[in-house]
Amino acid sequence: MKLYYDNNKLKIPQATCSCTHHQEINSDIYIGSGILKNLSSYISKRITGKKCLLITDNNLFTLYGKQILPLLSKKYDVKLAIPSISGHLQPNQYALGDILMELDSDCDFLIAFGSGTINDLTRYVAFNCNLPFVSVGTAPSMDGYLSVVAPMLKDDLKINKPAKYPEVCVFDIDIMRKAPDEMIFAGFGDVIGKYIAKADWILGSIINDERICPFCIDIIDEAISLCETNIIEIKNKTKKGVKSLLEALLLTGLAMLLNGDSRPAASNEHNMGHFIEMKKLIAKQPHPSHGEAVGVTTLYCLDLYHEFLNYDFTSFSISETITNQQSPLQREQAILKAYGPKIGPSIIKNNVDEPITLTEQERRISIFLKEYNTIKDKLLFLPTRNEVSKYYNELNGATTAKELSIDKALLKDALLYAKDYRSRYTVFKLVDELGILNKFVNHMVQYE
Ligand SMILES: [Zn+2]
Ligand SMILES: [Zn+2]
């Protein structure tokens, strides 16, 4: 799958599969070096109106305010919204409040100038105020530029709110190249996480007959390959490297849009990242960025996959597993303990289709045992932890939880309970339903 451009405007790849559920994607995406100067003309091709609210953060405004404001002011009435949060900006009710205080009723459109958090806040406001928005990306650090979901924080609970994708996206590679190394690693980690998303999706299609899209799988493969084959260019932040990483992130965003959900791009590695972030917020401790967390949790998910794929199931007993299964009450208590009193009740309330019945558990296990060899064959693409760690080493990224200040107890809880963050089917759920998750996790964390 090669990407094509027309004057820096990306030609959005058209699905070649026979799925009938795909959404049409209607966003003008511009990628190129030195293209920020065209911002106003890109906007005016798509959006009418004069009044805009430019949403950014203090740091980016100090760096680029003098550049971007004159560019826009020639054509537009620009008002600024810079959330005045002390410390690390979070997509929470306080930052949202700061933005809404600057939003006038006659505003015609919004501009997000930033990366993850700024875009999440803007897409949420744009959706709820029914305004078009423009995203000017500043770092290839996450795959959510085209997301229709805004992961927001309310009292430290991470909740996915409906949102919209930008009408216009402008990615100036010259700006993106200046993003700090940690943000480059974060973007890389977010893409590598797709190995797990893909594997879990395939597993779900086999065990639960989940709908799977071959075109989206191709997109994910292409995204991973763009990152892996350009690792040195990405490390050196060359134009080609940064563009490849950005393309990989946008491709996975397109797969999510096409599929209408995040199934192609997020599974338990994302659950673990969210779990760790929420627990760190509750403890009032700094947390790793989204992509860094996903990059590192992916390594542990790969470990679990390999434990699972190498396990000997020949004398496995379904009846014994069902008999030893914890009761719904025991399960609920364990989740409440792991997530804590602030978040735990919401996790239980938001996942109404869990726990599954014993009959359903038995059905899943039977299919698993029947399809075991097919599953092994279809998951041969999964790399080992060491193979992926080599890429992270090139980027000076973390390869252990400890390097991200995630201690053994938090890591263990994430491995055991992040699967309960949502009901999406994953290998962690399967291994738990097989009654061997504790055993695997204890083995995995013994040297942490
Ligand atoms: Zn992500
Ligand atoms: Zn499809």
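Residues to consider are S18, S84; find the one that is assigned to a loop (DSSP other than H, G, I, E, B), within 30 Å of P214 (Cβ to Cβ) and more than 16 Å from ligand 1 (Cβ to nearest atom).
Result of the check over S18, S84: S18.
Residue-by-condition table, conditions (1) closer than 26 Å to Y305 by Cα; (2) within 16 Å of ligand 2 (Cβ to nearest atom); (3) modelled with pLDDT of 95 or more; (4) among the polar types (S, T, N, Q):
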| residue | (1), (2), (3), (4) |
| --- | --- |
| N208 | yes, no, yes, yes |
| R211 | yes, yes, yes, no |
| I231 | yes, no, yes, no |
| L245 | yes, no, yes, no |
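Select from segment 181-216 the residues that are farther than 11 Å from P264 by Cβ and of a type in the set (D, E) and write down the one among them that is nearest to ligand 1 (Cβ to nearest atom).
The selected residue is D190.
Restricting segment 376-399 to residues that are surrounded by fewer than 16 Cβ atoms within 10 Å (Cβ to Cβ) and assigned to a loop (DSSP other than H, G, I, E, B), which is farthest from the chain's Cα centre (by Cα)?
L380
Return the residue satisfying two criteria in turn: it lies in segment 40-51 and is farther than 21 Å from S147 by Cα and in contact with a strand residue (DSSP E or B) (Cβ under 8 Å, 6 or more places away or on another chain), and of such residues it is nearest to ligand 1 (Cβ to nearest atom).
Looking at residues that are farther than 21 Å from S147 by Cα and in contact with a strand residue (DSSP E or B) (Cβ under 8 Å, 6 or more places away or on another chain), I get K45.
Identify the residue in segment 16-43 that is more than 17 Å from E247 (Cα to Cα) and crowded, with 19+ Cβ neighbours inside 10 Å and, among all such residues, is nearest to ligand 2 (Cβ to nearest atom).
Of everything passing the filter in segment 16-43, Y42 is nearest to ligand 2 (Cβ to nearest atom).
How many of the residues in segment 260-282 are at pLDDT below 95 and either away from ligand 1 (no atom under 12 Å from the Cβ) or touching an Asp or Glu at 6+ places or on another chain (Cβ under 7 Å) (or both)?
5
List, please: which pairs have Cβ atoms under 9 Å, are six or more places apart or on different chains, and start with a residue in segment 392-416 that is aromatic (F, W, Y) and end with one that is in a helix (DSSP H, G or I)?
That search, which allows pairs on different chains as well, returns Y392/F185; Y392/F188; Y392/G189; Y392/I192; Y392/G295; Y392/V296; Y392/L299.
Taking the stated definitions as given, is L415 assigned to a helix (DSSP H, G or I), hydrophobic (A, V, I, L, M, F, W, C) and crowded, with 18+ Cβ neighbours inside 10 Å?
On the way: assigned to a helix (DSSP H, G or I): yes; hydrophobic (A, V, I, L, M, F, W, C): yes; crowded, with 18+ Cβ neighbours inside 10 Å: yes.
Considered against the rule, which asks whether it is assigned to a helix (DSSP H, G or I), hydrophobic (A, V, I, L, M, F, W, C) and crowded, with 18+ Cβ neighbours inside 10 Å, L415 comes out as yes.
Can you name the helices (runs of 4 or more DSSP H) wholly within segment 135-225 that have at least 1 residues being under 15 Å from the mean Cα position of the chain (by Cα)?
Passing ranges, in order: 181-192, 194-207.
Scan segment 181-194 and give yes if some residue there is within 16 Å of ligand 2 (Cβ to nearest atom), surrounded by 20 or more Cβ atoms within 10 Å (Cβ to Cβ) and not charged (D, E, K, R), otherwise no.
no
Take the residues in segment 87-143 that are in contact (Cβ under 8 Å) with a residue 40 or more places away in the chain and among the acidic types (D, E); name whichever of them is farthest from ligand 1 (Cβ to nearest atom).
Here the residue is D106.
Regarding segment 107-127, can at least one residue be identified that is in contact with a Leu (Cβ under 7 Å, 6 or more places away or on another chain), small (G, A, S), modelled with pLDDT of 95 or more and not in a strand (DSSP E or B)?
yes
So that you can scan it fast, the table gives a plain yes or no per residue for (1) closer than 23 Å to L410 by Cα; (2) of a type outside the set (K, R); (3) modelled with pLDDT of 95 or more; (4) touching an Asp or Glu at 6+ places or on another chain (Cβ under 7 Å):
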| residue | (1), (2), (3), (4) |
| --- | --- |
| T298 | yes, yes, yes, yes |
| H306 | yes, yes, yes, no |
| V352 | no, yes, no, no |
| I356 | no, yes, yes, no |
| F368 | no, yes, yes, no |
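Go through segment 331-349 and give me each residue that's assigned to a helix (DSSP H, G or I) and under 21 Å from L437 (Cβ atoms).
Selection gives R331, E332, Q333, A334, I335, L336, K337, A338, Y339, G344, I347, I348.
Among the residues of segment 254-291, which ones are within 16 Å of ligand 2 (Cβ to nearest atom) and not aliphatic (A, V, I, L, M)?
Matches in segment 254-291: N259, G260, D261, S262, R263, P264.
Note down all Cβ pairs under 6 Å where the first residue falls in segment 6-33 and is free of Cβ contacts under 8 Å to residues at least 24 places away in the same chain, the second is away from ligand 1 (no atom under 16 Å from the Cβ), and they're at least six residues apart or on different chains.
K9/Y30; K11/Y4
Could you run through segment 17-37 and say how many residues are more than 19 Å from D218 (Cβ to Cβ) and of a type outside the set (A, V, I, L, M, F, W, C)?
Number satisfying all stated conditions: 8.
The values are calculated or read from the model by the stated rules, or taken from the named source; none is laboratory data. Nothing here was measured: the structure is a model prediction, and the numbers come from that model. Don't worry about glycine lacking a Cβ; one is built from the backbone with ideal geometry, like all the others, and counts go over all protein chains shown.
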